[in-house]
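The values are calculated or read from the model by the stated rules, or taken from the named source; none is laboratory data. For clarity, every value in this text was computed on a predicted model and none was experimentally measured. Quick reminder, even Gly has a Cβ in these numbers, built from the backbone with ideal geometry, and neighbours come from all protein chains shown. Keep in mind that these areas ignore ligands, DNA and RNA; they rest on the heavy atoms of the full protein, side chains included. Shrake-Rupley method; radii C 1.70, N 1.55, O 1.52, S 1.80 Å.
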Amino acid sequence: MSTRSRTTAYLRTTAAAALAGAVLLTGCGVNGTAEADPVPASVCAGILPAEDVTSLLPRTQVSVREEQKPIAKYPLLRCEVTAGGVSFVGSAYLPNMAGPDLVQLAGSTSSLSASLGSSGMTGPDDAWWIIDDCRLTLDGTEQKVPVLVRARILGNPTTDHRDALGQMVVQLAKGVDKAAQCNSERLNDKIPAPLPAPKPVPVTDAPICAVLDPRTLGPAAEGAQRARWTATETPIPTPTSAYAYIHTCDLYIDGIRAFSLTVAFGRAAPDAEVPGERPSLSQRLPVPPAATPQPTRGARDATAMPPGTVIASVTGVTVKSKDEKSMSAYRMSRHDSPALPAVALNVPTEQVFRSWVAALVQQQRADAPAQDAEWKFG
(Lines give C-alpha, C1' and ligand atoms only; values in the text may rest on other atoms or scores of the structure.)
Protein backbone atom coordinates (compact mmCIF):
# COMPACT_ATOMS: atom_id res chain seq x y z
CA MET A 1 0.00 0.00 0.00
CA SER A 2 2.76 2.45 -0.82
CA THR A 3 1.39 5.92 -1.39
CA ARG A 4 2.30 9.47 -2.16
CA SER A 5 6.01 10.19 -1.91
CA ARG A 6 7.57 13.60 -1.69
CA THR A 7 7.28 13.71 -5.49
CA THR A 8 3.56 14.47 -5.34
CA ALA A 9 4.08 17.31 -2.87
CA TYR A 10 6.83 18.61 -5.13
CA LEU A 11 4.49 18.49 -8.10
CA ARG A 12 1.96 20.70 -6.41
CA THR A 13 4.41 23.56 -6.63
CA THR A 14 6.73 22.75 -9.52
CA ALA A 15 4.41 20.98 -11.94
CA ALA A 16 1.54 23.37 -11.41
CA ALA A 17 3.31 26.08 -13.36
CA ALA A 18 4.70 23.69 -15.95
CA LEU A 19 1.40 21.96 -16.54
CA ALA A 20 -0.53 25.20 -16.68
CA GLY A 21 1.40 25.70 -19.86
CA ALA A 22 0.45 22.20 -20.88
CA VAL A 23 -3.22 23.10 -20.76
CA LEU A 24 -2.57 25.99 -23.11
CA LEU A 25 -0.45 23.85 -25.38
CA THR A 26 -2.96 21.05 -25.60
CA GLY A 27 -5.80 23.49 -26.02
CA CYS A 28 -4.23 24.87 -29.18
CA GLY A 29 -4.95 22.90 -32.31
CA VAL A 30 -7.51 20.69 -30.57
CA ASN A 31 -11.14 21.14 -31.48
CA GLY A 32 -13.05 21.83 -28.26
CA THR A 33 -16.46 21.89 -29.92
CA ALA A 34 -18.76 18.94 -30.51
CA GLU A 35 -18.56 17.35 -33.94
CA ALA A 36 -21.57 15.53 -35.39
CA ASP A 37 -21.41 12.64 -37.85
CA PRO A 38 -19.41 11.29 -39.53
CA VAL A 39 -17.69 9.78 -36.51
CA PRO A 40 -13.91 9.32 -36.87
CA ALA A 41 -12.46 5.82 -36.85
CA SER A 42 -10.84 6.43 -33.47
CA VAL A 43 -11.52 8.78 -30.57
CA CYS A 44 -9.82 10.03 -27.41
CA ALA A 45 -6.62 11.15 -29.12
CA GLY A 46 -6.83 8.18 -31.46
CA ILE A 47 -6.43 5.70 -28.60
CA LEU A 48 -9.84 3.98 -28.68
CA PRO A 49 -11.67 2.57 -31.72
CA ALA A 50 -14.84 4.63 -32.13
CA GLU A 51 -16.82 1.45 -32.79
CA ASP A 52 -15.92 0.09 -29.33
CA VAL A 53 -17.02 3.31 -27.64
CA THR A 54 -20.26 3.80 -29.56
CA SER A 55 -21.24 0.18 -28.84
CA LEU A 56 -21.82 1.34 -25.24
CA LEU A 57 -24.14 4.18 -26.31
CA PRO A 58 -27.65 4.40 -27.76
CA ARG A 59 -27.90 3.79 -31.49
CA THR A 60 -28.48 7.35 -32.59
CA GLN A 61 -26.56 10.38 -33.82
CA VAL A 62 -23.13 10.65 -32.24
CA SER A 63 -21.12 13.75 -31.32
CA VAL A 64 -17.43 13.74 -30.45
CA ARG A 65 -15.64 16.29 -28.32
CA GLU A 66 -11.85 16.24 -27.93
CA GLU A 67 -10.65 18.90 -25.49
CA GLN A 68 -7.19 17.76 -24.45
CA LYS A 69 -4.77 15.33 -26.03
CA PRO A 70 -1.56 13.96 -24.50
CA ILE A 71 1.70 15.17 -26.03
CA ALA A 72 5.30 14.50 -25.12
CA LYS A 73 5.84 14.98 -21.37
CA TYR A 74 2.27 16.17 -20.80
CA PRO A 75 -0.11 13.28 -19.89
CA LEU A 76 -3.40 15.15 -20.24
CA LEU A 77 -6.56 13.77 -21.84
CA ARG A 78 -10.20 14.84 -22.01
CA CYS A 79 -12.62 13.40 -24.55
CA GLU A 80 -16.37 12.89 -24.70
CA VAL A 81 -18.52 10.82 -27.06
CA THR A 82 -22.29 11.37 -26.72
CA ALA A 83 -25.38 9.75 -28.21
CA GLY A 84 -28.98 9.97 -27.07
CA GLY A 85 -28.11 11.83 -23.88
CA VAL A 86 -25.58 9.16 -22.79
CA SER A 87 -21.87 10.00 -22.80
CA PHE A 88 -18.61 8.10 -22.69
CA VAL A 89 -15.92 10.22 -21.08
CA GLY A 90 -12.20 9.53 -21.02
CA SER A 91 -9.76 11.60 -18.98
CA ALA A 92 -6.20 11.65 -17.66
CA TYR A 93 -4.72 14.15 -15.22
CA LEU A 94 -1.93 14.39 -12.70
CA PRO A 95 -3.37 14.31 -9.16
CA ASN A 96 -2.46 17.94 -8.54
CA MET A 97 -4.58 18.82 -11.58
CA ALA A 98 -7.32 16.21 -11.09
CA GLY A 99 -8.81 18.16 -8.18
CA PRO A 100 -12.42 17.05 -7.63
CA ASP A 101 -11.85 13.93 -9.74
CA LEU A 102 -9.40 12.60 -7.18
CA VAL A 103 -11.26 13.86 -4.11
CA GLN A 104 -14.50 12.33 -5.31
CA LEU A 105 -12.95 9.08 -6.47
CA ALA A 106 -13.56 7.40 -3.12
CA GLY A 107 -17.23 8.36 -3.11
CA SER A 108 -17.74 7.51 -6.77
CA THR A 109 -16.24 4.04 -6.39
CA SER A 110 -19.10 2.13 -4.78
CA SER A 111 -19.09 -1.45 -3.51
CA LEU A 112 -20.17 -2.48 -7.01
CA SER A 113 -16.63 -1.80 -8.27
CA ALA A 114 -13.95 -4.49 -8.34
CA SER A 115 -10.18 -4.34 -8.43
CA LEU A 116 -8.45 -4.13 -11.78
CA GLY A 117 -4.89 -5.27 -11.23
CA SER A 118 -2.61 -3.39 -8.86
CA SER A 119 -3.57 0.20 -9.65
CA GLY A 120 -7.18 0.41 -10.73
CA MET A 121 -10.82 -0.54 -10.31
CA THR A 122 -13.83 -0.89 -12.58
CA GLY A 123 -17.54 -0.68 -11.88
CA PRO A 124 -20.82 -0.60 -13.81
CA ASP A 125 -20.27 2.91 -15.19
CA ASP A 126 -16.87 4.10 -13.94
CA ALA A 127 -13.38 2.62 -14.30
CA TRP A 128 -10.15 4.21 -13.17
CA TRP A 129 -6.47 3.41 -13.33
CA ILE A 130 -3.47 5.19 -11.82
CA ILE A 131 -0.28 5.22 -13.87
CA ASP A 132 2.11 5.20 -10.95
CA ASP A 133 5.47 5.80 -12.56
CA CYS A 134 5.06 8.22 -15.45
CA ARG A 135 8.51 9.75 -15.94
CA LEU A 136 8.42 13.51 -16.52
CA THR A 137 11.34 15.92 -16.59
CA LEU A 138 10.65 18.90 -14.32
CA ASP A 139 13.25 21.61 -13.82
CA GLY A 140 15.77 19.38 -15.54
CA THR A 141 15.16 16.47 -13.17
CA GLU A 142 13.33 13.27 -14.07
CA GLN A 143 10.48 12.55 -11.67
CA LYS A 144 8.20 9.53 -11.38
CA VAL A 145 4.69 10.91 -11.06
CA PRO A 146 1.19 9.40 -10.89
CA VAL A 147 -1.52 10.00 -13.49
CA LEU A 148 -5.22 9.37 -12.81
CA VAL A 149 -6.96 7.87 -15.87
CA ARG A 150 -10.74 7.35 -15.98
CA ALA A 151 -13.31 5.90 -18.38
CA ARG A 152 -16.95 6.64 -17.54
CA ILE A 153 -20.48 6.29 -18.85
CA LEU A 154 -22.75 9.17 -17.83
CA GLY A 155 -26.52 9.24 -18.15
CA ASN A 156 -27.30 5.50 -18.32
CA PRO A 157 -28.26 4.09 -14.89
CA THR A 158 -29.33 0.62 -15.97
CA THR A 159 -26.42 -1.08 -17.75
CA ASP A 160 -23.31 -2.72 -16.32
CA HIS A 161 -20.28 -2.05 -18.54
CA ARG A 162 -17.55 -3.08 -16.05
CA ASP A 163 -15.73 -5.43 -18.45
CA ALA A 164 -15.67 -3.01 -21.38
CA LEU A 165 -14.76 0.01 -19.25
CA GLY A 166 -12.02 -1.96 -17.51
CA GLN A 167 -10.43 -2.79 -20.84
CA MET A 168 -10.85 0.76 -22.11
CA VAL A 169 -9.31 2.47 -19.09
CA VAL A 170 -6.21 0.30 -19.38
CA GLN A 171 -6.10 0.99 -23.13
CA LEU A 172 -6.40 4.72 -22.41
CA ALA A 173 -3.64 4.50 -19.82
CA LYS A 174 -1.32 2.77 -22.28
CA GLY A 175 -2.16 5.30 -24.99
CA VAL A 176 -1.52 8.27 -22.70
CA ASP A 177 1.67 6.63 -21.46
CA LYS A 178 2.94 6.25 -25.03
CA ALA A 179 1.91 9.71 -26.26
CA ALA A 180 3.35 11.46 -23.20
CA GLN A 181 6.50 9.33 -23.28
CA CYS A 182 5.95 8.22 -19.70
CA ASN A 183 7.79 4.90 -20.11
CA SER A 184 5.80 3.37 -17.27
CA GLU A 185 6.72 -0.17 -16.22
CA ARG A 186 3.56 -1.20 -14.35
CA LEU A 187 1.40 -1.01 -17.48
CA ASN A 188 3.13 -4.16 -18.69
CA ASP A 189 1.55 -6.13 -15.86
CA LYS A 190 -1.15 -8.63 -16.79
CA ILE A 191 -4.58 -7.22 -15.92
CA PRO A 192 -6.97 -9.80 -14.42
CA ALA A 193 -10.66 -9.85 -15.29
CA PRO A 194 -12.76 -7.92 -12.75
CA LEU A 195 -14.90 -9.80 -10.26
CA PRO A 196 -18.70 -9.53 -10.69
CA ALA A 197 -20.73 -7.06 -8.66
CA PRO A 198 -21.84 -8.29 -5.22
CA LYS A 199 -25.43 -9.07 -4.34
CA PRO A 200 -27.18 -7.40 -1.38
CA VAL A 201 -26.84 -9.34 1.88
CA PRO A 202 -29.46 -9.00 4.64
CA VAL A 203 -28.24 -7.35 7.83
CA THR A 204 -28.57 -9.86 10.68
CA ASP A 205 -26.76 -10.27 14.00
CA ALA A 206 -23.52 -11.00 12.12
CA PRO A 207 -21.00 -8.20 11.51
CA ILE A 208 -21.98 -6.03 8.55
CA CYS A 209 -19.47 -6.47 5.72
CA ALA A 210 -17.57 -8.76 8.14
CA VAL A 211 -16.57 -5.72 10.19
CA LEU A 212 -19.34 -3.54 11.63
CA ASP A 213 -21.50 -4.60 14.60
CA PRO A 214 -25.13 -4.03 13.45
CA ARG A 215 -25.99 -2.74 16.93
CA THR A 216 -23.96 0.39 16.17
CA LEU A 217 -26.72 1.45 13.75
CA GLY A 218 -28.86 2.16 16.83
CA PRO A 219 -32.69 2.17 16.97
CA ALA A 220 -32.89 2.45 13.17
CA ALA A 221 -31.85 -1.21 12.92
CA GLU A 222 -33.25 -2.70 16.13
CA GLY A 223 -35.91 -5.38 16.31
CA ALA A 224 -38.18 -5.56 13.27
CA GLN A 225 -36.41 -2.54 11.78
CA ARG A 226 -33.31 -4.62 11.05
CA ALA A 227 -35.07 -6.56 8.32
CA ARG A 228 -35.25 -3.35 6.29
CA TRP A 229 -31.44 -3.21 5.96
CA THR A 230 -29.11 -4.86 3.46
CA ALA A 231 -25.46 -4.32 2.58
CA THR A 232 -23.03 -4.83 -0.29
CA GLU A 233 -19.27 -5.02 0.03
CA THR A 234 -16.55 -4.51 -2.56
CA PRO A 235 -15.54 -7.91 -3.94
CA ILE A 236 -12.41 -9.23 -2.24
CA PRO A 237 -9.48 -8.08 -4.38
CA THR A 238 -6.55 -10.02 -5.72
CA PRO A 239 -3.35 -9.87 -3.65
CA THR A 240 -1.83 -7.46 -6.17
CA SER A 241 -4.48 -4.76 -5.84
CA ALA A 242 -3.09 -3.07 -2.76
CA TYR A 243 -1.23 -0.16 -4.33
CA ALA A 244 -4.25 1.91 -5.35
CA TYR A 245 -7.51 0.49 -4.09
CA ILE A 246 -10.84 1.55 -2.59
CA HIS A 247 -12.95 -0.70 -0.38
CA THR A 248 -16.59 0.21 0.30
CA CYS A 249 -19.42 -1.14 2.41
CA ASP A 250 -22.75 0.24 1.16
CA LEU A 251 -25.77 0.17 3.48
CA TYR A 252 -29.31 0.11 2.08
CA ILE A 253 -32.64 0.61 3.82
CA ASP A 254 -35.76 -0.54 1.95
CA GLY A 255 -33.48 -1.10 -1.05
CA ILE A 256 -32.33 2.52 -1.12
CA ARG A 257 -28.64 3.26 -0.59
CA ALA A 258 -28.36 5.26 2.61
CA PHE A 259 -24.71 5.19 3.68
CA SER A 260 -21.28 4.28 2.36
CA LEU A 261 -18.29 3.38 4.53
CA THR A 262 -15.19 3.73 2.39
CA VAL A 263 -11.46 3.36 2.92
CA ALA A 264 -9.14 4.42 0.11
CA PHE A 265 -5.58 3.16 -0.01
CA GLY A 266 -2.40 4.37 -1.64
CA ARG A 267 -2.60 6.86 -4.47
CA ALA A 268 -6.38 6.53 -4.53
CA ALA A 269 -6.56 8.10 -1.06
CA PRO A 270 -7.66 11.76 -1.17
CA ASP A 271 -5.39 14.16 0.72
CA ALA A 272 -8.22 15.97 2.45
CA GLU A 273 -11.97 16.33 2.49
CA VAL A 274 -14.19 18.19 4.91
CA PRO A 275 -17.52 16.59 5.89
CA GLY A 276 -20.37 18.19 3.96
CA GLU A 277 -18.01 19.50 1.29
CA ARG A 278 -18.64 17.00 -1.48
CA PRO A 279 -21.89 18.44 -2.91
CA SER A 280 -20.15 21.79 -3.42
CA LEU A 281 -17.15 20.30 -5.21
CA SER A 282 -17.51 21.04 -8.90
CA GLN A 283 -17.12 17.96 -11.05
CA ARG A 284 -15.40 18.33 -14.38
CA LEU A 285 -18.54 16.58 -15.62
CA PRO A 286 -22.07 16.38 -14.22
CA VAL A 287 -22.79 13.24 -12.22
CA PRO A 288 -25.74 11.10 -13.32
CA PRO A 289 -29.16 11.77 -11.78
CA ALA A 290 -29.95 10.00 -8.52
CA ALA A 291 -33.22 8.65 -9.88
CA THR A 292 -32.30 5.00 -9.37
CA PRO A 293 -29.88 4.82 -6.41
CA GLN A 294 -31.05 1.38 -5.28
CA PRO A 295 -30.49 -2.08 -6.77
CA THR A 296 -33.88 -2.77 -8.35
CA ARG A 297 -33.04 -6.18 -9.83
CA GLY A 298 -29.96 -7.01 -7.79
CA ALA A 299 -26.85 -4.94 -7.13
CA ARG A 300 -25.54 -5.53 -10.64
CA ASP A 301 -28.09 -2.99 -11.91
CA ALA A 302 -27.44 -0.32 -9.28
CA THR A 303 -25.31 1.97 -11.42
CA ALA A 304 -25.18 5.73 -11.76
CA MET A 305 -24.63 6.35 -8.06
CA PRO A 306 -23.45 9.91 -7.56
CA PRO A 307 -21.27 10.62 -4.53
CA GLY A 308 -23.09 11.39 -1.32
CA THR A 309 -22.37 13.95 1.38
CA VAL A 310 -19.31 13.16 3.48
CA ILE A 311 -20.43 13.10 7.11
CA ALA A 312 -17.29 11.65 8.74
CA SER A 313 -13.61 11.42 7.86
CA VAL A 314 -10.21 10.59 9.31
CA THR A 315 -6.88 9.50 7.84
CA GLY A 316 -4.47 6.83 8.98
CA VAL A 317 -0.80 6.94 8.03
CA THR A 318 2.04 4.50 8.63
CA VAL A 319 5.54 5.80 7.91
CA LYS A 320 7.65 2.95 6.57
CA SER A 321 10.78 4.89 5.67
CA LYS A 322 11.96 8.39 4.85
CA ASP A 323 10.50 8.21 1.35
CA GLU A 324 7.66 5.72 1.80
CA LYS A 325 4.45 5.67 3.76
CA SER A 326 1.13 3.86 3.77
CA MET A 327 -2.11 5.86 3.80
CA SER A 328 -5.70 4.89 4.57
CA ALA A 329 -8.35 7.58 4.04
CA TYR A 330 -11.59 6.67 5.84
CA ARG A 331 -14.87 8.26 4.76
CA MET A 332 -18.54 7.86 5.66
CA SER A 333 -21.11 9.30 3.25
CA ARG A 334 -24.86 9.70 3.45
CA HIS A 335 -26.87 9.54 0.23
CA ASP A 336 -29.71 11.97 0.74
CA SER A 337 -32.65 11.70 -1.65
CA PRO A 338 -36.42 12.16 -1.42
CA ALA A 339 -36.77 8.37 -1.34
CA LEU A 340 -34.49 7.91 1.67
CA PRO A 341 -36.60 6.82 4.69
CA ALA A 342 -36.48 9.39 7.50
CA VAL A 343 -35.44 6.72 10.02
CA ALA A 344 -32.03 6.56 8.33
CA LEU A 345 -31.27 10.01 9.73
CA ASN A 346 -31.41 8.52 13.22
CA VAL A 347 -28.31 6.38 12.62
CA PRO A 348 -25.59 7.62 15.06
CA THR A 349 -22.89 8.73 12.63
CA GLU A 350 -19.98 9.06 15.04
CA GLN A 351 -20.69 5.74 16.74
CA VAL A 352 -20.88 3.88 13.43
CA PHE A 353 -17.79 5.55 11.96
CA ARG A 354 -15.51 5.11 14.97
CA SER A 355 -16.58 1.48 15.39
CA TRP A 356 -15.94 0.74 11.73
CA VAL A 357 -12.49 2.34 11.75
CA ALA A 358 -11.56 0.52 14.98
CA ALA A 359 -12.63 -2.82 13.53
CA LEU A 360 -10.60 -2.35 10.35
CA VAL A 361 -7.53 -1.39 12.36
CA GLN A 362 -7.99 -4.32 14.75
CA GLN A 363 -8.18 -6.71 11.81
CA GLN A 364 -5.06 -5.06 10.35
CA ARG A 365 -6.92 -4.20 7.18
CA ALA A 366 -5.99 -0.50 7.21
CA ASP A 367 -3.62 2.03 8.78
CA ALA A 368 -4.47 3.29 12.26
CA PRO A 369 -5.21 7.00 12.75
CA ALA A 370 -2.63 8.69 14.97
CA GLN A 371 -3.63 9.67 18.49
CA ASP A 372 -3.74 13.31 17.41
CA ALA A 373 -5.52 12.56 14.11
CA GLU A 374 -8.31 14.96 13.23
CA TRP A 375 -11.72 13.23 13.23
CA LYS A 376 -14.25 15.29 11.32
CA PHE A 377 -18.02 14.93 11.59
CA GLY A 378 -20.75 16.92 9.93
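At 1.4 Å probe size, put ARG354, ARG150 in order of accessible surface, largest to smallest.
Putting ARG354, ARG150 in descending order of accessible area: ARG354, ARG150.
Do any GluC sites (Glu not before Pro) in the stretch 130-228 lie in a DSSP loop with no more than 16 other beta carbon atoms within 10 Å, and if so, which?
The qualifying sites are GLU185, GLU222.
In the stretch 158-281, if the dipole is taken from +1 on Lys/Arg beta carbons and -1 on Asp/Glu beta carbons about the Cα centre, which of ALA206, LEU261, LEU187 is farthest to the positive end?
LEU187
For ARG59, ARG152, ARG65, write out the residues from largest to smallest accessible area, computed with a 1.4 angstrom probe and no ligands counted.
ARG59, ARG65, ARG152
Which entries in LYS73/LYS174; LYS144/LYS325; LYS73/LYS144; LYS190/LYS325; LYS174/LYS325; LYS178/LYS320 show an alpha-carbon gap greater than 22 Å?
From LYS73/LYS174; LYS144/LYS325; LYS73/LYS144; LYS190/LYS325; LYS174/LYS325; LYS178/LYS320, over 22 Å: LYS190/LYS325; LYS174/LYS325; LYS178/LYS320.
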